[in-house]
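Since every read-out is calculated from the coordinates, none of them should be taken as a lab result. Because the structure is predicted, anything quoted here is derived from the model rather than measured. Don't worry about glycine lacking a Cβ; one is built from the backbone with ideal geometry, like all the others, and counts go over all protein chains shown.
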Amino acid sequence: MDRVLEIQFSGWTATPKMPFVLSGNAVCLPVPSYSLLLGMLGCCLGRNIEASEVNIGFQYSFDSVGNDLEKRQRLEFDGKKVKTHSKGGDAYLREFHVLPCLTVWINRLDWEDYFTCPIGTPALGRSQDILKIDYVKQVAVKAVDELEISGCMLPFNSNLKIGGQLVQLAEAYKENEEVGGGRTATKTGIFMAIPHDRKAKVKIPHLYQTQEENAKNFYLHTF
């Protein structure tokens, strides 16, 4: 592979939610998950993207972290149907990122038109976390053995001697055929989320560097 598609997104807010946190305050991961990126790219294409269709690399940063005090309507299942919880709603704090910037690299040059004129409106987290596409272009890249990277998510193994946030999550989901049937995780793994303000020197497969004056480094994830 000698060329990839580079797309830069930016927005006012983003909410890359921490998985499996179902009660208390809602907190964010320092970077988005690969399943979230698949959903965002699929929105631009106007369809669900299967994990086998694309490889994804990214670099994510944001200006600061904010908190919203929100009210949520709780629900309960009485054995027959879902209804409003007998104790009503409650208030909680929800964390979000301010002024996010996301650069994505994918190995699908044939998708360029979908980011020039996206079918749907991309969002990073909730529906109100709308992103704009700053640019899309094809860039030349070269594979390298060792790089200094940040603002990304790497598969964890015992040889990965870097700092970050360790998290177990689903890499991708598949929509169930039944309408309203939800989705099923197709693959899960343990990852190291590296914040944008913490550079890590790594020596792992699938590292690439763009061939331009201000070269960018990234890890290209294969599902």
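The table below lists the values:
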{"quantity": "Added length on full extension, which subtracts the Cα-Cα distance from 0.36 nm per residue, Lys83 to Glu146", "calculated": "17.3 nm"}
{"quantity": "Compactness of region 85-149 as Cα Rg over 2.2 N^0.38 Å, two decimals", "calculated": "1.71"}
{"quantity": "HN-Hα J in Hz across region 218-223 - Karplus 6.51, -1.76, 1.60, θ = phi - 60°, x for Gly and Pro", "calculated": "7, 9, 9, 7, 9, 6"}
{"quantity": "Modelled FRET efficiency - R0 25 Å, Ser158 with Gln209, Cβ distances, 0.05 increments", "calculated": "0.45"}
{"quantity": "Listed residue pairs exceeding 27 Å between alpha carbons, taken from Lys71/Lys174; Lys17/Lys132; Lys17/Lys83; Lys137/Lys161; Lys17/Lys187; Lys132/Lys216", "calculated": "Lys71/Lys174; Lys137/Lys161"}
{"quantity": "Anchor Lys203: aspartates and glutamates whose Cα lies under 17 Å away (excluding residues fewer than 8 positions away in-chain)", "calculated": "Asp145, Glu146, Glu148"}
{"quantity": "For the chain, convex hull of alpha carbons as volume per residue, Å³", "calculated": "141 Å³"}
{"quantity": "Within-12-Å neighbourhood charge of Arg183 [Cβ basis; K, R +1; D, E -1]", "calculated": "-2"}
{"quantity": "Tensor-based shape of region 163-223 (alpha-carbon gyration tensor, a/c under 1.5 rounded, otherwise prolate or oblate)", "calculated": "prolate"}
{"quantity": "Relative contact order for region 11-122, counting Cα pairs under 8 Å that sit 6 or more residues apart, in percent", "calculated": "38 percent"}
{"quantity": "Contact order relative to length of the chain, as percent, for alpha carbon pairs under 8 angstrom and 6 or more apart", "calculated": "29 percent"}
{"quantity": "Per-residue Cβ neighbour rank within 10 angstrom, fewest leading, Tyr173, Tyr92", "calculated": "Tyr92, Tyr173"}
{"quantity": "Neighbour cut-off at most 16 other Cβ (10 Å), DSSP loop, trypsin sites (Lys or Arg not before Pro), region 80-145", "calculated": "Lys80, Lys81, Lys87, Arg108, Arg126"}
{"quantity": "Computed lengthening from Thr121 to Val139, 0.36 nm per intervening residue step minus Cα-Cα distance", "calculated": "4.1 nm"}
{"quantity": "10 Å binning of all Cα-Cα separations within region 102-220, expressed as whole percents from 0 upward", "calculated": "10, 31, 38, 18, 2"}
{"quantity": "Computed label-point distance, nm, for sites Asn25 and Tyr92 using a 7 Å Cα→Cβ extension", "calculated": "1.3 nm"}
{"quantity": "Crossing angle, helix 34-45 versus the chain [Cα axis fit, 0-90 degrees, rounded to tens]", "calculated": "90 degrees"}
{"quantity": "Shape category assigned to region 19-94 from the gyration tensor of Cα positions, a/c cut at 1.5", "calculated": "oblate"}
{"quantity": "Net charge over other residues, Cβ less than 14 angstrom from the Cβ of Asn48 (K, R count +1; D, E count -1)", "calculated": "-1"}
{"quantity": "Ascending count of other beta-carbon atoms within 10 Å, so fewest first, for Met18, Met40", "calculated": "Met18, Met40"}
{"quantity": "At most 13 other Cβ within 10 Å, DSSP loop - GluC sites (Glu not before Pro), region 130-223", "calculated": "Glu146, Glu177, Glu178, Glu212, Glu213"}
{"quantity": "Segment Gln128-Lys187, length gained on full extension (0.36 nm per residue, minus Cα span)", "calculated": "18.5 nm"}
{"quantity": "Relative packing of peptides 5-13, 187-195 - highest average C-beta neighbours within 10 Å first", "calculated": "5-13, 187-195"}
{"quantity": "Residue-count net charge about Ala200 - beta-carbon cut-off 13 Å; Lys, Arg +1, Asp, Glu -1", "calculated": "+2"}
{"quantity": "Dipole in debye (nearest 20) - region 43-138, about Cα centre, beta carbon charges: Lys, Arg +1; Asp, Glu -1", "calculated": "580 debye"}
